[in-house]
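Chemist: This is the structure I want to talk about, given as structure tokens.
The values are calculated or read from the model by the stated rules, or taken from the named source; none is laboratory data. Everything quoted here is computed from the prediction, not taken from an experiment. Quick reminder, even Gly has a Cβ in these numbers, built from the backbone with ideal geometry, and neighbours come from all protein chains shown. SASA here: full protein model, heavy atoms, side chains in, ligands and nucleic acids out. Shrake-Rupley method; radii C 1.70, N 1.55, O 1.52, S 1.80 Å.
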Amino acid sequence: MARFPGVDYLEFDSLLSEQELLVRQTARQFVDDRVLPLMREAYNSATFPKQLIPEMAELGFFGANLEGYGCAGMNNVEYGLIMQELERGDSGVRSFVSVQGALVMYPIHTYGSEEQKERWLPQLQAGRAIGCFGLTEPGFGSNPSGMRTTAEKRGNKWVLNGEKTWITNGSVAEVAVVWARTPEGIRGFLVEAGTPGYSTGDIHGKLSMRASVTSSLHLADCQIPEENQLPCGKGLKAALSCLSQARFGIGWGVLGAAMDCFETARSYSLTRKQFDDKPLAGHQLVQEKLAWMITEITKGQLLAYHVAKLKDAGKVEAAHISMLKRNNVAMALECARLSRDLLGANGIMDEYPIMRHMCNLETVKTYEGTDHIHALVIGEKVTGVAAYR
Ligand SMILES: Cc1cc2nc3c(=O)[nH]c(=O)nc-3n(C[C@H](O)[C@H](O)[C@H](O)COP(=O)(O)OP(=O)(O)OC[C@H]3O[C@@H](n4cnc5c(N)ncnc54)[C@H](O)[C@@H]3O)c2cc1C
């Protein structure tokens, strides 16, 4: 049996099918048995636990909500529940799975040629190949439309020049989905590791998302065959559609981090005693914090569930996913801060997961569209006025 009891204040589980409960149970047990025992050491040594890759592939986690090519074809609730459990383990592990599925397999599945799909999707699904997604540049983070990386057609080759930075899995990837400017607008390209003119370098010194590889990609007259362009994805909107997939997973994933923080603080407050041998849980101000957390987690679960249902019905909009990502990340960060407070001095120790989640969530707040940018997406939806510039 899994050790994590789950967080279910409002009979959320009554919304889930038998199959959805089974998927969550499988992911929950995997995280309890295989992920959590590794994370303290992995985080402290800034190492991604790569021994988990074949096991996650075997469980169908990579590209779980895609159809065909060996993918599990799960619905979006099942996919979201996997993300939730993985991020309960660590945001770095969830990020690995998000990048592989939502940012590499999804664009190949959606915008790739049949040859690209047959070549890459089965390998990526099986974890025999790792992918990365290169959009951000040193000068262009929140505004990728300004990107300077170019792709120029020379004969039957594309020649890429530019630099991408903050790329998850960059140096360990066999294939990079790189977005570059062409005379016909921004397009996606598959750049294989080992191609002359393509190199990577890792970013060190991160105090957040330590159990995740983050790299820069350098493209210097990097020549790739013309058939490595993603033929069906045109313009920045193709890249942004991939981000919507990943942001959806984040909106679920951070629920797991928040649940872990809540459950850690709840159980700690029942055993730690202060003033007249009274458990912390018996003090009103402590209960107020726990009440805030469980209320916000429950609201976050319902938001995630409804957005998943809209996604399954083909009705989800990017602005819906912006609300999910922005709300749930901010909620999870506040849960981490409140939990840290409730553990007092022990809250800063690595024997508890709280500081690790809190530090990770600072990255999650920034990547895949910052809190501000998602506020602007929501603002544009309700006013009709774009206020990005
Ligand atoms: C660990 C990690 C992994 C990552 N992985 C990837 C990856 O795999 N692939 C990839 O392509 N990228 C990746 N990123 C990059 C990430 O997507 C960017 O960091 C993010 O888009 C923000 O860009 P920036 O860091 O340049 O911040 P900036 O865009 O410089 O923003 C800085 C601040 O200014 C605010 N701001 C900017 N513009 C506005 C505005 N118009 N109105 C109000 N506020 C504004 C922002 O909200 C933020 O608070 C990763 C980042 C991290 C930290």
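Chemist: Kindly evaluate A336 against the criterion of being aliphatic (A, V, I, L, M), part of a helix (DSSP H, G or I), more than 16 Å from the ligand (Cβ to nearest atom) and touching a His at 6+ places or on another chain (Cβ under 9 Å).
Modeler: yes
Chemist: OK, next. So the check is Cβ under 6 Å with 6+ separation or different chains; which pairs have a first residue in region 138-157 that's assigned to a helix (DSSP H, G or I) and a second one that's within 16 Å of the ligand (Cβ to nearest atom)?
Modeler: Listed by first residue and then by second, the contacts come to P144/L135; S145/L236; G146/F140.
Residues are listed down the side, and each one gets a yes or a no for (1) of a type outside the set (G, A, S); (2) open to solvent by 10 Å² or more (accessible area, probe 1.4 Å):
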{"position": "D221", "(1), (2)": "yes, yes"}
{"position": "I224", "(1), (2)": "yes, no"}
{"position": "L230", "(1), (2)": "yes, no"}
{"position": "K237", "(1), (2)": "yes, yes"}
{"position": "G253", "(1), (2)": "no, no"}
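Chemist: Sticking with this one: Take the residues in region 368-384 that are open to solvent by less than 50 Å² (accessible area, probe 1.4 Å) and of a type outside the set (V, I, T); name whichever of them is nearest to A258 (Cα to Cα).
Modeler: D371
Chemist: Among the residues of region 138-167, what is the count of those that are within 14 Å of the ligand (Cβ to nearest atom) and either open to solvent by 50 Å² or more (accessible area, probe 1.4 Å) or small (G, A, S) (or both)?
Modeler: The total comes to 11.
Chemist: Report, by residue number, each residue of region 201-222 that is of a type outside the set (A, V, I, L, M), within 12 Å of the ligand (Cβ to nearest atom) and touching a Gly at 6+ places or on another chain (Cβ under 6 Å).
Modeler: Residues satisfying the conditions are S212, S215, S216.
Chemist: Further question: Given the conditions (1) touching a Gly at 6+ places or on another chain (Cβ under 7 Å); (2) in contact (Cβ under 8 Å) with a residue 40 or more places away in the chain; (3) not β-branched (V, I, T), which single one is not true for A64?
Modeler: Status for A64: all satisfied but (2).
Chemist: What is the number of the single condition among (1) open to solvent by less than 30 Å² (accessible area, probe 1.4 Å); (2) closer than 23 Å to V316 by Cβ; (3) of a type in the set (D, E) that E67 does not meet?
Modeler: Tallying (1) open to solvent by less than 30 Å² (accessible area, probe 1.4 Å); (2) closer than 23 Å to V316 by Cβ; (3) of a type in the set (D, E), E67 fails exactly one: (1).
Chemist: Condition test on V77, is it closer than 23 Å to A176 by Cα and in contact (Cβ under 8 Å) with a residue 12 or more places away in the chain?
Modeler: Taking the combined requirement at face value, the residue does not satisfy it.
Chemist: Counting only residues that are farther than 19 Å from R247 by Cβ, give me the helices (runs of 4 or more DSSP H) lying completely in region 1-99 with at least 3 of them.
Modeler: Per the criteria, 18-30, 36-44, 52-58.
Chemist: Name every residue in region 356-389 that is assigned to a helix (DSSP H, G or I), within 8 Å of the ligand (Cβ to nearest atom) and without any contact (Cβ under 8 Å) to a residue 40 or more places away in the chain, in order of residue number.
Modeler: Correct list: T366, L376.
Chemist: Within region 41-64, which residues are open to solvent by 60 Å² or more (accessible area, probe 1.4 Å) and on the phi > 0 side of the Ramachandran plot?
Modeler: Listed by number, the list is empty, since nothing qualifies.
Chemist: Now, a different point. Any idea which of R272, R247 is more than 17 Å from M355 (Cα to Cα), among the basic types (K, R) and under 18 Å from the mean Cα position of the chain (by Cα)?
Modeler: Numbers: R272 fails: under 18 Å from the mean Cα position of the chain (by Cα).
One residue alone meets the criteria, R247.
Chemist: Another question, then. Can you name every residue in region 284-316 that is exposed (fewer than 14 other Cβ atoms within 10 Å of the Cβ) and not in a helix (DSSP H, G or I)?
Modeler: Listed by number, the residues that qualify are A313, G314, K315.
Chemist: Where residues in region 169-197 are within 16 Å of the ligand (Cβ to nearest atom) and in contact with a Cys (Cβ under 6 Å, 6 or more places away or on another chain), which of them is farthest from N228 (Cα to Cα)?
Modeler: Going through the qualifying residues, I end up with N169.
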